[in-house]
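The values are calculated or read from the model by the stated rules, or taken from the named source; none is laboratory data. All of these numbers come straight from a predicted model, not from anything done at the bench. Every residue, glycine among them, receives a Cβ derived from its backbone with ideal geometry; neighbour counts consider all protein chains shown.
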Amino acid sequence: MNDSKLPIRVVLVEDHALTREGMRTALERAGFAVVGESGDGLQAQEIIIELKPQVAVIDLGLPGQDGVALTRKIKELQPDIGVVIVTMQESEEYVFAALTAGANAFCVKASDIEIVLDAIRTVAAGGAYFDPKIAYLILHRLNAEEHAPFTSHVLTPRELDVLRLVAEGHGNLEIAERLYLGVGTVKGHIHDILEKLSASDRAQAAVIAFRRGWIR
């Protein structure tokens with residue numbers, strides 16, 4: 001929980017210098033303390049882990065490593081650091097990839113800066129925040145999960161192993177290497193997982209499994 005007498009400490013990760021400068025100015029005017037910034041995903045990881053801000057504001061399209069991979073790594077190493085994604089991407093694929101990686105908030109750059117400021121305050125206080133521009137995606141996905149059939153939802157232990165690695169962002173080849181399986185076998189497991197969970201893609205399958213407590 002943030003001490004209300006102290007400014008919220010933020011690290012800003014954005015590869016476009018002018019955009020980063022504008023965001024830093026807006027955050028500082030709003031009373032936040034921008035303690036670090038970077039335009040590279042790998043460098044940002046080092047800065048965030050070293051400085052331990054309350055919130056990291058991260059773009060998705062970064063050199064070095066993208067924002068989803070950076071979010072996942074931060075949450076592995078420092079799970080108490082809040083992550084606010086601020087990006088131009090509004091598709092389900094990007095939204096749920098970021099949320100599955102552990103992001104606490106998702107905002108789009110087309111929205112007003114006040115949306116981002118509200119998201120930072122909410123995440124610093126321990127909450128989650130979804131930009132109204134993408135909230136309908138969340139509601140649509142959750143509604144689909146709620147009404148999905150449950151008759152064939154139980155996964156085998158091997159399918160759960162595969163799904164855990166999917167949720168961590170690993171591709172088919174890496175999953176195959178880690179589980180000592182053929183790539184074709186991994187693809188078959190993923191096909192079966194999507195069918196059993198009535199999921200349209202890997203990200204949705206991971207979100208469903210997290211929500212139902214099957215994987216952590």
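Worth pointing out:
- Filter result for residue 176 (at pLDDT 90 or above, surrounded by 13 or more Cβ atoms within 10 Å (Cβ to Cβ) and touching a strand residue (DSSP E or B) at 6+ places or on another chain (Cβ under 8 Å)): no
- Check on residue 171, out of contact with any helix residue (DSSP H, G or I) (no Cβ under 6 Å at 6 or more places or on another chain), modelled with pLDDT under 90, on the phi > 0 side of the Ramachandran plot and surrounded by fewer than 19 Cβ atoms within 10 Å (Cβ to Cβ): no
- Within segment 31-62, considering residues that are out of contact with any Asp or Glu (no Cβ under 9 Å at 6 or more places or on another chain) and over 25 Å from residue 94 (Cα atoms), the one surrounded by the most Cβ atoms within 10 Å (Cβ to Cβ): 32
- Hey, residue 69 buried (at least 16 other Cβ atoms within 10 Å of the Cβ), touching a helix residue (DSSP H, G or I) at 6+ places or on another chain (Cβ under 9 Å) and under 13 Å from residue 20 (Cβ atoms) or not: no
- From the list 82, 61, the lone residue that is in contact (Cβ under 8 Å) with a residue 24 or more places away in the chain and over 23 Å from residue 7 (Cβ atoms) is 61.
Let's see how each residue does on (1) part of a loop (DSSP other than H, G, I, E, B); (2) farther than 25 Å from residue 75 by Cα; (3) not β-branched (Val, Ile, Thr):
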residue	(1), (2), (3)
155	yes, yes, yes
161	no, no, yes
166	no, no, no
169	yes, no, yes
175	no, no, no
178	no, no, yes
181	yes, yes, yes
185	no, yes, no
194	no, yes, yes
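- Screening residue 216 on (1) of a type outside the set (Phe, Trp, Tyr); (2) farther than 30 Å from residue 31 by Cα; (3) buried (at least 19 other Cβ atoms within 10 Å of the Cβ); (4) at pLDDT below 85 shows it passes everything except condition (3).
- Residue selected from segment 180-193 under the condition touching a helix residue (DSSP H, G or I) at 6+ places or on another chain (Cβ under 6 Å) and hydrophobic (A, V, I, L, M, F, W, C), by the criterion farthest from residue 158 (Cα to Cα): 183
- Of all the numbered requirements in (1) on the phi > 0 side of the Ramachandran plot; (2) touching a helix residue (DSSP H, G or I) at 6+ places or on another chain (Cβ under 7 Å); (3) charged (D, E, K, R), residue 52 misses one, and that requirement is (2).
- Odd one out for residue 49, checked against (1) among the β-branched types (Val, Ile, Thr); (2) out of contact with any strand residue (DSSP E or B) (no Cβ under 8 Å at 6 or more places or on another chain); (3) under 20 Å from residue 118 (Cα atoms): (3)
- Filtered residues of segment 1-47 (kept if farther than 23 Å from residue 111 by Cβ, part of a helix (DSSP H, G or I) and among the aliphatic types (A, V, I, L, M)): 42, 47
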